[in-house]
1. Could you list, in sequence order, the residues of segment 193-223 that are assigned to a helix (DSSP H, G or I) and touching a helix residue (DSSP H, G or I) at 6+ places or on another chain (Cβ under 6 Å)?
2. Would you check if F122 is assigned to a strand (DSSP E or B), aromatic (F, W, Y) and either open to solvent by 30 Å² or more (accessible area, probe 1.4 Å) or touching a strand residue (DSSP E or B) at 6+ places or on another chain (Cβ under 6 Å) (or both)?
3. What tally of residues in segment 132-141 results from selecting those that are under 20 Å from Q56 (Cβ atoms) and modelled with pLDDT under 95?
4. Taking into account only those residues within segment 261-291 that are among the aliphatic types (A, V, I, L, M) and closer than 12 Å to A147 by Cα, which is least open to solvent (accessible area, probe 1.4 Å)?
5. Which residue is nearest to P73 (Cα to Cα), if the candidates are limited to segment 236-252 and must be among the β-branched types (V, I, T) and either open to solvent by 10 Å² or more (accessible area, probe 1.4 Å) or in contact with a strand residue (DSSP E or B) (Cβ under 6 Å, 6 or more places away or on another chain) (or both)?
6. Can you tell me how many residues in segment 157-180 are open to solvent by 30 Å² or more (accessible area, probe 1.4 Å), under 30 Å from P250 (Cα atoms) and not charged (D, E, K, R)?
Amino acid sequence: MIRWVVYSLCSAGCFAAINPNDALSGWPEVHPPLNFKPKLPLPRGGLPPFHAPALQSPIDIRFSSAAKVILPPLEFEDLLNDGVRIIMRNTGTTVQFDVADNSVVRPTLMGGPLARHGVFQFSNLHVHWGTQDVLGGEHKVNSRRFAVEGHCVHFNTKYKTLEEAEKHEDGLSVVTFFAKAGNVDNPKLERLISLLPSIRYPNTSVSLTARDSLDWFADIGEPTNYFTYPGSLTTAPFTENVFWIIYPRPMFVSSRQVEAFRNLLSNELVENRVNARTVQPFNDRPLIYSV
């Protein structure tokens, strides 16, 4: 189990919620939006989960809109276990880190807003970037975007697979981190950056240990001091069944390291300069800051 030191970022503008269960119980129940017209025939298992009003992601996370809540601590287990193998690949739209099929251990996540929903298994980590260093992230924090945004996708283990979990309203959790670009290289990322030319073309990959590829995450992930809200996938099919967990304190990277991502080729065999979705309406949904 990995635990990290608490680092508080919530401003005095965050307001308090006495009971975390009261705060989380305000998350909307699932039903299709009024203007939603499903494609026919329906997928196996029925309609994908949607809510009304729409709970699309990403959003602009405003400190002044967040309720400060004491949640159970987040627990990351086995993320850097030596038995975890990672496949780093160019999907044609992003760089993605998948747990290899031959891994003897599967990292998991529990606690926080997930405490009443079970254990969530790590599926993949993928990265979003933009044409400029100030346009790379998908979420905004107090109207500011960062150079890079990473998403660690987890699925609820009671559904056995990612594909099945994607059909359920409590199926997914995405842990999010940001990177701010400057003039100084991040040495913990340099090994990954140096391997990007090896996966310049779509559907190419390299194999790494989790410790070699994800050890930098220990500087970001904490049991508290994150925002959480109900939202959607930011790529198709945009289902609204994601527990978002977002760490606002960015790590640092250099502009040179960010540019290395833009040099990757997309499925169209052109440089993949941007893969970030625009900010979506907040729609008065709950926003919690965990302390």
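1. The initial filter retains those residues of segment 193-223 that are assigned to a helix (DSSP H, G or I), namely 193-199, 210-219.
Correct list: I193, L196.
2. On the way: assigned to a strand (DSSP E or B): yes; aromatic (F, W, Y): yes; either open to solvent by 30 Å² or more (accessible area, probe 1.4 Å) or touching a strand residue (DSSP E or B) at 6+ places or on another chain (Cβ under 6 Å) (or both): yes.
Answer is yes for this residue.
3. Step one: filter segment 132-141 for residues under 20 Å from Q56 (Cβ atoms), giving 135-141.
Add one more test, that the residue is modelled with pLDDT under 95, and what stays is 135-137.
Counting residues in segment 132-141 that are under 20 Å from Q56 (Cβ atoms) and modelled with pLDDT under 95 gives 3.
4. Going through segment 261-291, the residues among the aliphatic types (A, V, I, L, M) turn out to be 264-265, 269-270, 274, 276, 279, 287-288, 291.
Cutting the leftovers down to closer than 12 Å to A147 by Cα gives us 274, 276.
Numbers: V274: 77, A276: 29 Å².
Here the residue is A276.
5. Within segment 236-252, the subset among the β-branched types (V, I, T) is 239, 242, 245-246.
Restricting the remaining residues to those that are either open to solvent by 10 Å² or more (accessible area, probe 1.4 Å) or in contact with a strand residue (DSSP E or B) (Cβ under 6 Å, 6 or more places away or on another chain) (or both) gives 242, 245-246.
Values: V242: 19, I245: 12, I246: 14 Å.
Ranking the qualifying residues of segment 236-252, first place goes to I245.
6. Restricting attention to segment 157-180, the residues satisfying the condition of being open to solvent by 30 Å² or more (accessible area, probe 1.4 Å) are 157-164, 166-169, 180.
If we keep only those that are under 30 Å from P250 (Cα atoms) too, we end up with 157, 162, 166, 169, 180.
This time we only want the ones that are not charged (D, E, K, R), so: 157, 162.
Of the residues in that region, 2 qualify.
So that you can scan it fast, the table gives a plain yes or no per residue for (1) under 16 Å from the mean Cα position of the chain (by Cα); (2) touching a residue at least 24 places away in the same chain (Cβ under 8 Å):
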site	(1), (2)
C152	yes, yes
N156	yes, yes
K160	no, no
E163	no, no
H168	no, yes
S173	yes, yes
N183	no, yes
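Yes/no per residue for (1) basic (K, R); (2) modelled with pLDDT of 95 or more; (3) part of a loop (DSSP other than H, G, I, E, B); (4) in contact with a Leu (Cβ under 6 Å, 6 or more places away or on another chain):
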residue	(1), (2), (3), (4)
T93	no, yes, yes, no
G118	no, no, yes, no
V127	no, yes, no, no
E149	no, yes, no, no
F155	no, yes, no, yes
A179	no, yes, no, no
R191	yes, no, no, no
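The values are calculated or read from the model by the stated rules, or taken from the named source; none is laboratory data. All values reported here derive from a predicted model rather than from experimental measurement. Virtual Cβ from ideal backbone geometry, glycine too; neighbours counted across all protein chains shown. Only protein heavy atoms, including side chains, enter the accessible area calculation; ligands, DNA and RNA are left aside. Shrake-Rupley method; radii C 1.70, N 1.55, O 1.52, S 1.80 Å.
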